[in-house]
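The structure appears right after this line, and notes come after that.
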């Protein structure tokens with residue numbers, strides 16, 4: 001099996017799940033991404049990405065409790081599995097390697 | 001339920017977003033949206049919260065439809081498509097042959113096809129979604145329907161009629177999608 005690669009948004013989702021840890025469900029993940037990156041996350045894009053990552057074996061999910069503020073609907077909690085952590089580590093290594101030695105001062109390379 | 005917010009999200013938006021969501025995720029998506037909507041109402045007021053909900057719907061339409069598409073098994077897709085094709089094209093053709101000579105006297109041909117076409121597209125959309133159990137079967141069915149329905153055949157024979165037929169085709173596609181939506185309504189009410 002080839003090494004799993006992550007797109008930019010997948011990278012954000014996996015990192016956000018790890019940050020939120022035990023309570024990682026849709027709203028918490030979306031808010032974590034918005035808080036850290038300023039990106040407004042649509043529910044559709046988030047769930048499509050979560051499904052795709054789960055299908056690839058990078059995430060696992062479990063049903064949670066239903067609460068009144070959710071109209072009695074249950075949450076789905078997500079957890080990053082070892083392959084997900086591996087993919088995140090690999091993507092981080094790639095980004096670091098690309099940025100290594102770069103100066104961000106204007107006009108300099 | 002007394003805990004529900006007094007301000008509700010736009011009904012059309014709620015309906016569309018849930019109809020397009022993969023079945024397995026509908027409850028979680030509906031719950032997440034309800035939770036975020038309630039927060040938006042508290043922080044931004046009802047008007048901006050409703051606008052936020054509508055924008056979520058528009059932005060989520062494509063990704064959720066694509067997720068639903070991937071969710072359905074091939075077997076369901078084939079079953080749904082066959083049900084849709086049968087109901088929306090072959091069945092009306094048979095009915096037409098059986099019924100038209102007696103019933104149609106005095107009725108303009110176009111009116112008959114509009115009624116029959118819209119009814120069959122509605123039924124086809126409904127059948128496809130009930131069998132395939134995914135709302136995205138409806139737009140697919142609409143495309144299939146266009147190929148088989150009498151209007152579609154006219155277009156293949158004489159593409160110049162496209163302009164004249166366009167509103168009618170649009171009506172038929174909308175009917176197929178509405179049929180799919182009607183079929184998706186029942187399971188949604190349990191979410």
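Each reported figure results from applying straightforward, stated rules to the coordinates on display, with no laboratory input. The structure presented is a predicted model; accordingly, all values stated were derived computationally and were not measured. Cβ coordinates were reconstructed from backbone atoms using ideal geometry, including for glycine residues, and neighbour counts include every protein chain displayed.
Diffusion of the range A:63-109 by Stokes-Einstein, at 20 °C in a medium of 1.002 mPa s and with Rh set to the Kirkwood radius over alpha-carbon pairs, works out to 147 µm²/s.
Calculated on the Cα set of the range A:25-104, radius of gyration then Dmax: 15.8, 52 Å.
Using a simple spin-label model with pseudo-atoms 7 Å out from Cα toward Cβ, residue B:115 and residue B:58 lie 3.9 nm apart.
Let me make sure I get this right: for the range A:1-41, a, b and c are the square roots of the gyration tensor eigenvalues over alpha carbons, sorted descending. Under 1.5 in a/c it's rounded, otherwise prolate if a/b > b/c, else oblate. Which is it? Because a/c hits 1.5 or more and a/b fails to exceed b/c, the range A:1-41 counts as oblate. Here the gap between residue A:37 and residue A:103, fully extended at 0.36 nm per residue and compared with their Cα-Cα distance, gives a gain of 21.6 nm.
Shown is the FRET efficiency for residue A:96 and residue A:63, computed with R0 = 45 Å from the Cβ-Cβ distance and rounded to the nearest 0.05: 0.75. The simple spin-label model puts a point 7 Å past each Cα toward its Cβ; for residue A:74 and residue B:42 those points are separated by 2.5 nm.
If I take R0 = 51 Å and measure r between the Cβ atoms of residue A:89 and residue B:23 in this structure, what FRET efficiency does the formula 1/(1 + (r/R0)^6) give, to the nearest 0.05? FRET efficiency, residue A:89 to residue B:23: 0.90.
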